[in-house]
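The values are calculated or read from the model by the stated rules, or taken from the named source; none is laboratory data. Everything quoted here is computed from the prediction, not taken from an experiment. Because the Cβ atoms are built from the backbone with ideal geometry, glycine has one as well, and the counts that use them run over all protein chains shown.
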Amino acid sequence: MAKLPDAVQLTRRLLEFDTINPPGNEEACARYLGDLLQASGFQVDYSTFAASRTSLIARIGQTTSSKAPLGFTGHLDTVPLGAAPWKKHAFGASLEGGKLFGRGSSDMKSGVAAFVVAALSVVEHLRTGPGITLVLTADEETGCRGALHLVREPALLGEVGALLIGEPTANYPLLGHKGALWLEVITRGVTAHGSMPERGVNAVYSAAETVLKLRDFRFDEPEHALMGKPTLNVGTIRGGLNINSVPDEAVIGVDIRSVPGQEHAALIRQFAALLGDSAEIRIHTDVGALYSAPHSDWVQHIFDVTTPVLGARPEPRAATYFTDGAVLRQTYRDVPMVVLGPGEPQLAHQTDEYCFVDNIERAVDIYRELILAWQAG
């Protein structure tokens with residue numbers, strides 16, 4: 001067996017890989033982890049959907065076990081650095097004052113490193129019994145395209161009995177998240193010279209009328225007990241090519257956050273009926289809501305395990321962001337999923353992003369205990 005890496009040092013190594021998305025370029029990072037896992041006896045498979053856009057699936061366990069493996073998932077890409085200058089080296093993995101700095105330190109290479117190290121630390125216990133499956137994805141940040149590609153290969157993903165999503169939660173277990181339906185609503189017109197607007201049809205005026213309809217839209221769904229009401233926000237409007245022409249196209253960006261039980265296809269039909277022939281609707285991102293009931297045995301066990309770490313028993317909460325878990329549910333149907341990782345959620349996507357070193361080490365302990373309990377049945 002290969003030497004067990006330290007989770008903090010593994011996080012630092014992963015931060016050295018520039019996987020900013022776009023362009024992503026996750027392949028080198030995926031293969032580094034794949035080699036590490038394969039050296040300890042994991043079966044490793046890769047899935048590439050574009051040049052250097054590579055996800056990996058690593059599994060170990062007895063295929064004849066009557067119990068499905070425990071699943072873990074995380075993404076390897078990160079968001080861009082932003083316009084503000086960094087005081088810390090974004091890829092240098094600076095370790096200062098108990099904090100590990102770098103793009104992706106919280107979101108979410110620390111989570112990936114923690115569950116990889118947890119798995120490697122108990123690998124001898126995993127060769128028999130249900131074992132575990134690790135799903136490490138490319139291109140989560142721009143719409144979960146890596147996960148979408150994987151669900152088209154269900155045989156590669158296999159089955160899991162439950163799924164832990166290592167996104168940043170400061171080790172607080174979260175029971176799901178709202179869905180995200182991002183739409184582009186296009187209004188069209190007829191261009192003309194700006195001095196003769198009567199000869200054209202102004203698409204921006206149509207867009208303004210459409211925005212007012214969207215502002216006044218009300219959802220029929222009742223409030224979800226944990227996540228509240230669905231929301232709609234008009235985030236962008238663009239239209240026209242130059243100031244002295246009548247614009248013949250305008251595009252409105254609409255961000256809808258849905259609650260569990262809300263069907264996105266039904267929502268799209270509802271908006272199509274509302275807008276009629278005045279606008280065209282295109283889907284930009286379609287990720288469903290995720291929710292695991294707090295009373296399930298597995299969720300309660302996670303609460304048991306995290307209580308000493310947090311200093312109090314967790315209460316049912318949900319993430320504000322969406323995750324690959326909602327996409328992977330297309331293959332991993334009806335299994336409980338919990339979001340739980342060492343990163344700081346409020347530092348995701350921030351300048352000088354960091355993760356607390358202690359939280360990385362605690363996450364390893366949490367994951368290890370959950371793995372061993374799953375093995376023991």
Under 7 Å between Cβ atoms, at least 6 apart or on separate chains: pull out the pairs that start in segment 358-369 with a residue that is touching a residue at least 40 places away in the same chain (Cβ under 8 Å) and end on any residue that is among the polar types (S, T, N, Q) and assigned to a helix (DSSP H, G or I).
-> 360/11; 360/110; 366/306; 368/121
From the list 339, 357, 327, which one is under 20 Å from residue 5 (Cβ atoms) and among the β-branched types (Val, Ile, Thr)?
-> 357
In segment 93-114, how many are outside any helix (DSSP H, G or I) and either in contact (Cβ under 8 Å) with a residue 60 or more places away in the chain or within 17 Å of residue 30 (Cα to Cα) (or both)?
-> 9
Given (1) β-branched (Val, Ile, Thr); (2) over 30 Å from residue 337 (Cβ atoms); (3) crowded, with 17+ Cβ neighbours inside 10 Å, where does residue 254 come up short, assuming only one miss?
-> (2)
Read through the list (1) exposed (fewer than 15 other Cβ atoms within 10 Å of the Cβ); (2) more than 21 Å from the chain's Cα centre (by Cα); (3) of a type in the set (A, V, I, L, M, F, W, C), then give the number of the only condition that residue 50 fails.
-> (2)
Hey, can you tell me all the residues within segment 182-196 that are more than 13 Å from residue 237 (Cα to Cα), out of contact with any Leu (no Cβ under 9 Å at 6 or more places or on another chain) and either of a type outside the set (D, E, K, R) or surrounded by 18 or more Cβ atoms within 10 Å (Cβ to Cβ) (or both)?
-> 182, 189, 190, 192, 193, 194, 195, 196
Give the number of residues within segment 67-84 that are part of a loop (DSSP other than H, G, I, E, B) and either touching a residue at least 60 places away in the same chain (Cβ under 8 Å) or not assigned by TED's automatic domain parsing to the domain that holds residue 120 (or both).
-> 10
Can you find even one residue in segment 115-128 that is at pLDDT below 95, surrounded by fewer than 24 Cβ atoms within 10 Å (Cβ to Cβ), in the same structural domain as residue 14 (by TED's automatic domain parsing) and not in a helix (DSSP H, G or I)?
-> yes
Give 45, 6, 18, 35 a once-over and let me know the one that is within 26 Å of residue 156 (Cβ to Cβ) and in contact (Cβ under 8 Å) with a residue 60 or more places away in the chain.
-> 45
Scanning segment 130-160 for residues that are in a loop (DSSP other than H, G, I, E, B) and of a type in the set (Val, Ile, Thr), which turns out nearest to the chain's Cα centre (by Cα)?
-> 142
For residue 167, are the conditions met, namely being outside any helix (DSSP H, G or I), surrounded by 19 or more Cβ atoms within 10 Å (Cβ to Cβ) and acidic (Asp, Glu)?
-> yes
Considering only helices (runs of 4 or more DSSP H) wholly within segment 260-364, the ones with at least 1 residues that are over 21 Å from residue 71 (Cβ atoms) and out of contact with any helix residue (DSSP H, G or I) (no Cβ under 6 Å at 6 or more places or on another chain) are 264-275, 297-310
Screening 181, 148 for residues that are touching a strand residue (DSSP E or B) at 6+ places or on another chain (Cβ under 6 Å) and of a type in the set (A, V, I, L, M, F, W, C) leaves only 181
Conditions (1) within 22 Å of residue 141 (Cα to Cα); (2) of a type outside the set (Gly, Ala, Ser); (3) more than 20 Å from the chain's Cα centre (by Cα) -> residue 297 fails only (1)
In segment 89-114, residue surrounded by the fewest Cβ atoms within 10 Å (Cβ to Cβ) [restricted to those that are hydroxyl-bearing (Ser, Thr, Tyr) and closer than 23 Å to residue 164 by Cβ] | 106
